[in-house]
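Here is the structure we will look at.
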């Protein structure tokens, strides 16, 4: 008895879809549906699909919104590490302990992403070390 083997389609022969599923929070789906309901209250024309609304919204995202998303995804520890790296790049090699000491003393301002002019000076480092 000969067994008939089915050939599996190769990756290039598989169907290619133009859509992909995306996971959304329920609150996001509600907001999207509310917008679509308002847009589709019309007498003529086709229904506006969710894809069209999302595509328009994504085209309106600018540099400021991208930076807001980046900042929102960072933990406090991540922000502290980023501030330390910026400080070390501006002021030269320094230990994290020294940076934390300056931060606690109020010599370094991390909120505005700036350091005081004298924070990296040799006199300030010497005073902090003693």
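Some points to look at:
- Single residue of the range 106-130 satisfying the filter (over 28 Å from the mean Cα position of the chain (by Cα), surrounded by 14 or more Cβ atoms within 10 Å (Cβ to Cβ) and assigned to a loop (DSSP other than H, G, I, E, B)) that is modelled with the lowest pLDDT: 119
- Residue within the range 96-105 that is touching a strand residue (DSSP E or B) at 6+ places or on another chain (Cβ under 7 Å), over 26 Å from residue 67 (Cα atoms) and modelled with pLDDT of 50 or more present: yes
- Residue count, the range 18-40 (criterion: within 10 Å of residue 54 (Cβ to Cβ) and in a loop (DSSP other than H, G, I, E, B)): 2
The values are calculated or read from the model by the stated rules, or taken from the named source; none is laboratory data. If you're wondering where the values come from, they're calculated on a predicted model, not measured in any experiment. Positions of Cβ are generated from backbone atoms using ideal geometry, with glycine treated the same way; all protein chains shown enter the neighbour counts.
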